[in-house]
Each structure stands twice: as structure tokens, then as C-alpha cells.
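The values are calculated or read from the model by the stated rules, or taken from the named source; none is laboratory data. All values derive from a computational prediction rather than experimental measurement. Please note: Cβ atoms are built from the backbone with ideal geometry, for glycine as well, and neighbour counts cover all protein chains shown.
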């Protein structure tokens, strides 16, 4: 079936389950099929069988009978799992990944979850055994794998030489994490904050077999490490703004180096161009870098935000990359 009209649609994460709508000509409504998949396996399929008065009120559909629903109970949806929803209508096919559940609950559970340092039993478990032992959804599974990879690399020492405990699932854990991030990154960054994203980046530098990728991961991680060191000023000093900020000239700080000229300086152009050029062969790291830039730009406490606050020139340059 070839369609001669633009098909409008939406796929939603709702308290009832995973729902959505599709706006098309009435005579082809019965041809719409919607599929719910998990790990590339179709679990359920349905058609248009829901009234959506909200869509009708927005004049996006004439009658509002354009919706579908995968009920959370009937479909046994698990909070913190990522599902794929596919809409099909003739030659119109669109898919979207959906992280199902209350965002605040998923974030809370991920951040609070820890494994005691003296509990090494987790190193011996398969993925299925991890899910069973911790009742782990997809997001918590990532946290468990992150923890045991970190222990495998530097669980016993991080001074001068990393020393950890090798374990049977080390390589498969790393491959699972990278493949999962690569496939679902847009959903994962909704619930995993920069602190833990940097931990995943460090995992790439620890376990990648590609030297170029390892070095690129270290470069991205170092940006956030330097941010943390710079923030140490807050532990010692209370800053007050100068009555006349120095924005038109540079100030020396040490080693013959000078501050940026805030009113106009190509420093951020050079910094960002160099980094994105280096990261181009590594799409996942490039995604991480771009996402972290956006987070820093939008955070009032970040060093990047501080620079952009006093320089519209810097701000405009950064926005070109995010």
C-alpha cells in the first residue's frame, strides 16, 4: 500500500503502559499494525482500538479513534526496561525505543544501587543470574556490569598501576554494555547522569582493544576530570563578581599562559573542532562528548557555563556543536 498523505503519529510512555496514536485516512485505519518488541523479539501486536480525545482536541484527527495501547499489566511491562514499538501502515514504517516506567523512580533506583565492596560473588554470575539475584531491569543490569568491570580493572589498586581481578565474563560484559549503549543511547541519557556516563566512558578506555578508541575515551574523560578539579575552588573560596569584569584582554596565570579574551576568542572553536575531529571515527564517544557539552552548557555551576555566561561569542560557538 502506497500512501499519498503525511502520516502523523506519536508513541508515548504512559502510566497505563506504552501507548500512542496514528493519524491517517479512515479507510486505512484497519490496516495499521503496531508491534511491541523486547531484545528484537516481538512480544505483542495490536491495531487501532483506542479513543484519543486529546488528539481530536488538537485537531490532529477527525474522530479521535486513532490510538493503541500495550497495557502494562497484560503485557507484563517492567519498569526500567527498554522496549521497541513499531508502527506499520503500508510503506510507512517507523520504530521508536521506549524506556518504560516513571523516570524519577528509575533514576533513584539506579543511583542508590550498590554492591558491598567485600561481596565478590557478583563476579561469578551470568547475566540471567544477575537479573534473578537483584531483580534487575535493563538499567540496573548496566549498573551491575559497570561495578564488576570496574572491580575487574582496579578493584584492588589504582595507585601507579591498576590492579583488579579478572573474571570469566569480563569481555562479554564490556561488549554487552557498548552494544546496549550504542543501540539505546538516546533513552539511556534520560536517566543516567554525567557522573555515571563518565564511568561508562572510562570503561571504554579500560577495555577497548582499539588504541585510538582508548585514547579518545581518555580525552573525553579528562575534560570531566579537569572540571572536577576546577570545582575544588568552591571548597576554599567564596567568589564575588568584579565590579568591572576583565572581558577585553587576557590575564596571565602561570607558565606563560593567559586567560581567554572573553569578548572574542577562538579558543572554544579550536577546542571543540579538535575534539570532534578526533572523535569522528568513534560515534558513541562523539555522542557522549556532545551530550556532556550540552549538560555542561545548561548547568549554572559548570566551568563551560561560566565562560559562556560572560561571553556571547563563546556561547554561540558552543551552541554550534550541541
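Note on region 118-129: among residues that are touching a residue at least 24 places away in the same chain (Cβ under 8 Å) and outside any loop (DSSP other than H, G, I, E, B), the one that is farthest from residue 189 (Cα to Cα) is 124. For residue 264, the requirement of being assigned to a loop (DSSP other than H, G, I, E, B) and under 33 Å from the mean Cα position of the chain (by Cα) is met.
With respect to residue 235, determine if the residue is within 30 Å of residue 202 (Cα to Cα), surrounded by 12 or more Cβ atoms within 10 Å (Cβ to Cβ) and free of Cβ contacts under 8 Å to residues at least 12 places away in the same chain. The answer is no for residue 235. Looking across region 130-166, the residues that are buried (at least 18 other Cβ atoms within 10 Å of the Cβ) and assigned to a loop (DSSP other than H, G, I, E, B) come down to 136, 137, 155, 164.
Counting only residues that are out of contact with any helix residue (DSSP H, G or I) (no Cβ under 7 Å at 6 or more places or on another chain) and either farther than 22 Å from residue 40 by Cβ or modelled with pLDDT of 95 or more (or both), region 69-89 holds 14 of them.
Residues that are under 30 Å from residue 147 (Cβ atoms) number at least 3 in the following strands (runs of 3 or more DSSP E) confined to region 1-117: 82-89, 92-99. Taken together, the residues in region 204-227 that are surrounded by fewer than 11 Cβ atoms within 10 Å (Cβ to Cβ) and part of a helix (DSSP H, G or I) amount to 1. Just one of the listed residues (197, 201, 192, 177) is at pLDDT 95 or above, assigned to a loop (DSSP other than H, G, I, E, B) and surrounded by 18 or more Cβ atoms within 10 Å (Cβ to Cβ), and it is 192.
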